[in-house]
Structures are given as C-alpha cells and as structure tokens.
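The values are calculated or read from the model by the stated rules, or taken from the named source; none is laboratory data. Keep in mind that what you see is a predicted model, and the values were worked out from it rather than measured. Here the Cβ is made from the backbone with ideal geometry for all residues, glycine too, and neighbour counts use every protein chain on show. The area values use the complete protein model at the heavy-atom level, side chains included, leaving out ligands, DNA and RNA. Shrake-Rupley method; radii C 1.70, N 1.55, O 1.52, S 1.80 Å.
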Amino acid sequence: MKSIEGYKEVDQLRNVSNSFKHSGSDKNDSIRNIEEFRSKNYLTYKDLENFYDRVQDSPDILIKSLIQAILNDLFEFDDRKIDDFSESIANRMNKEAAFKFIESLKKHYESLNRVDSC
C-alpha cells in the first residue's frame, strides 16, 4: 500500500488529524517528521496552511492510484503472475479437474473468437 501514489500524504493527513483530536494544539511525535512541522516547537496557522496546500489533492490521487492498482491486479498478467496463478490452481486441483478447467477455458476463448470475428 505504501507504494500507492498519495499514500504518504494521506497518512500524514491522518496523523495531523489524530494529533489535533488527541493532543489539542500541541505537537506530538506522530507529526514531528512531517516537513512543514519538523523544526517547529508549536504549530501556526501558516504551518497548517502550507501542509494542507501540499496534501489537499492527495486523497483523490490515492483513490485513483488504488483503483488503477486494483485493475492492474485483476486484469494484467505477466509471466510471473501467470506462473503463480497456475501453481496456486495446481496445488488445489487434482489432475482430472485441472484438465477439465483447461478445456473449459479453451471453449470459453473459442466462443469469444467467434463473437470477435463477427
């Protein structure tokens, strides 16, 4: 999840929100590493405004990145993913069921080819 674009900023936003909910206006450890607050003993309106200006688009960016990651996981298959999927199926199916599955997949794609060629 941390590799999803926008995650870091949304997590920082969560930490700032929790800091105010639980600590009031005091700066606590959870936000000490946020760049706008690093060298500050107390937070000013301007510090918070600068932080917000930097992170305000991050929730939308995170959601869009997460959607793309889910779509990639569901619909994109490289050799490694195909091998992993095959191994997973092979570990759960006996040989007879696996061959039935292969034939069912072939029939499905043959019928798709007929539709595509029309």
So PHE37 passes all but one of these: (1) without any contact (Cβ under 8 Å) to a residue 24 or more places away in the chain; (2) open to solvent by 40 Å² or more (accessible area, probe 1.4 Å). Which condition number does it fail? (2)
Members of region 47-73 found to be open to solvent by 90 Å² or more (accessible area, probe 1.4 Å) and at pLDDT below 95, listed by number: ASP73
Of all the helices (runs of 4 or more DSSP H) wholly in the chain, which have at least 3 residues that are of a type in the set (Lys, Arg) and in contact with a helix residue (DSSP H, G or I) (Cβ under 6 Å, 6 or more places away or on another chain)? none
